Every structure is written in C-alpha cells, then in structure tokens.
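What follows is a set of notes on a single structure, which appears directly below.
Values in this text are rule-based calculations from the coordinates and carry no lab data. Because the structure is a prediction, the values reported are computed rather than measured. Cβ atoms come from the backbone with ideal geometry, glycine included; neighbour counts cover every protein chain shown.
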Amino acid sequence: MARELCPHCGFSIRTCLCDAINIINNKLKIIILRHPSEEKVTKNTARLLLLGLNNCEIIQGESENDFSILASLPKTTTAVLYPSDDSLKLDDSSQAMHDFKSSLTHLIVIDGTWKKAFKILKLTPTLETFKAVSFNRLPANKYTIRKAPRADSLSTLEAVAHSLALIENCDVSPLYQLLNTLLDKQTQHMPEHVKARYL
C-alpha cells in the first residue's frame, strides 16, 4: 500500500514539513544535478532545497545528454560545488575571492553518493568548463541519520546552505530548521536504542 503524501511538500503525511517551511529569497540560482537513484531516497535532502529556496531547480540524470541546460549557463559566473584539487575555496577571505563570489549567478551542485557524483562529473565534460568551488573548513555534519563514508561529507542541503551563507551572506537558518524537522520526524518512531545511533 502506497504511503499517503502531502500534496504540498511531497513527504509522507507522517513526516509532513509544511509547518517548518520559510522560503529564502536567494539571488544565486542553485542548479542541482541529481542522480536518478536519489529520487526516492527518503533521506535525500535536495527536495528540502526546492521547498526552502526561491531560486532552485533539480535536473535528474547521469550524463551530458541529460543536462542540456549546462550549455546555456554563463561560463564566467557559474561555479560547480565539488572538492577537486584545484577548487577555489569559498571561505577564503581574500579580496579576489570576495570579487569572485560577488560575480556568481549560478551554482551547480551534484546530488548523489561520492561514487555517483564522481561518475556524473566524468560523464558530463561541460562541468569541467566551470570553476570548481569548495571549502577550506566544513561545518559539522548535522544530518547524522544518513551515514557518509567520508569525514568531509555534508548532505546536499548543508553544502548548499553553507555555500549561500558564504556567497550571499544570507541567513540560512530556515534551511537548517527544515533539516532538523525532518530528522526529528524520521527518528520519532524509532526505538530509543536505535535513535541513539543518530542523535
């Protein structure tokens, strides 16, 4: 029997997040390239970004043919959030970085496991025509219910929230509130000994 879904937030009625939604009017366009395997993962946080950001789009696919939108994006004012060896650090306090962040109009984010994100990157050569950006220092991972294989892992929502805070200097607490509400609702029916693994 299929779960009944909230028609607005798209989550199950039991984990409806509507009361926690406060939309951020971000200027930077967030474009999320989501691997198809993430679409029905209940712990996936990209859906929260659609609910919490005014300027956000999710495109599903695995390779260049799926992401035709990339060809129309401005090369000099679009960046890809990915920790490559030559990525620019958004938390660099230099004047050059300040100027670069001020010029950005689009931020591309790859949504998937590390392995799948790397595969998308390699199968989508256009991504390599944009500057890669990442961080010198990561905030603590708040979404502990989804275990990550790497210590430098953040959920998609956390990575985007941290990026927006650094690029636009805006208050991203509404996004973290959405995440906290989801975490609370996902764990509320767990036995205490199971819940203790995540909190």
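Checking the table LYS29/LYS185; LYS27/LYS116; LYS27/LYS119; LYS40/LYS119; LYS89/LYS185 against a 25 Å threshold on Cα-Cα, which pairs fail?
LYS29/LYS185; LYS27/LYS116; LYS27/LYS119; LYS89/LYS185
Can you tell me, using C-alpha contacts under 8 Å and at least 6 residues apart, the relative contact order of the stretch 1-145 as a whole percent? Before the final figure, lay out each step's value.
On the way: 209 pairs, mean separation 40.6, N = 145.
About 28 percent, as a whole number.
Expressed as a whole number of Å, what is the distance separating the alpha-carbon centroids of the stretch 1-71 and the stretch 103-119?
That distance is 14 Å.
Provide the descending list of Cα extents for the stretch 1-51 along its principal axes, expressed in whole angstroms.
40, 28, 15
Which loop GluC sites (Glu not before Pro) in the stretch 1-105, with loop taken from DSSP, have no more than 11 other Cβ atoms within 10 angstrom of their Cβ?
Values: sites: GLU4, GLU38, GLU39, GLU57, GLU62, GLU64; in loops: GLU4, GLU39, GLU62.
Passing sites in the stretch 1-105 are GLU4.
Please list 3J(HN,Hα) in residue order for the stretch 12-19, calculated via the Karplus relation 6.51 cos²θ - 1.76 cosθ + 1.60 where θ = phi - 60°; whole Hz, with x for glycine and proline.
Going residue by residue, I get 4, 4, 5, 10, 3, 10, 3, 5 Hz, with x marking Gly and Pro.
Whole-Hz ³J(HN,Hα) for each residue in the stretch 110-116, computed from phi via Karplus 6.51 cos²θ - 1.76 cosθ + 1.60 with θ = phi - 60°, x for glycine and proline: what do you get?
Once rounded to whole Hz, the list reads 8, 10, x, 4, 3, 5, 6.
Taking θ as phi - 60°, what are the ³J(HN,Hα) couplings along the stretch 85-94 by the Karplus curve (6.51, -1.76, 1.60), each to the nearest whole Hz, with x for Gly and Pro?
Values per residue, Gly and Pro as x: 4, 10, 5, 7, 9, 5, 9, 6, 8, 5 Hz.
Could you pull out which residues in the stretch 48-78 have an amide N less than 15 Å from a spot 7 Å beyond the Cα of LYS131, following the Cα-Cβ vector?
74-78, by backbone N distance to the label point.
Relative to the present Cα-Cα distance, how much length would full extension add between CYS170 and LEU123 at 0.36 nm per residue of separation? Walk me through the numbers on the way to the answer.
Details: separation 47, 0.36 × 47 = 16.92 nm, distance 3.33 nm.
The CYS170-LEU123 span can extend by a further 13.6 nm.
List the residues, sorted by chain then number, that are 5 or more residues from CYS56 or on another chain and whose placed amide H is less than 5 Å from its amide H.
For CYS56, whose amide H was placed from the backbone, the distant partners under 5 Å are ILE30.
I need CYS56, CYS16 ordered by Cβ neighbour count within 10 Å, fewest first.
On the way: CYS56 21, CYS16 18.
So the residues, fewest neighbours to most, are CYS16, CYS56.
Just ASN55, ASN65, ASN22 to compare: in a GNM of the chain, with alpha carbon springs under 10 Å, which one fluctuates most?
Its mean-square fluctuation being the largest, the pick is ASN65.
Once Rh for the chain is found with the Kirkwood sum over Cα pairs, what is the Stokes-Einstein diffusion coefficient at 4 °C and 1.567 mPa s, in µm²/s?
Roughly 74 µm²/s, to the nearest whole number.
Pick out, in residue order, every one of the trypsin sites (Lys or Arg not before Pro) in the stretch 13-66 that is DSSP loop and has at most 14 other C-beta atoms within 10 Å; say none if there are none.
Hits after loop and neighbour filter: LYS27, LYS40, LYS43.
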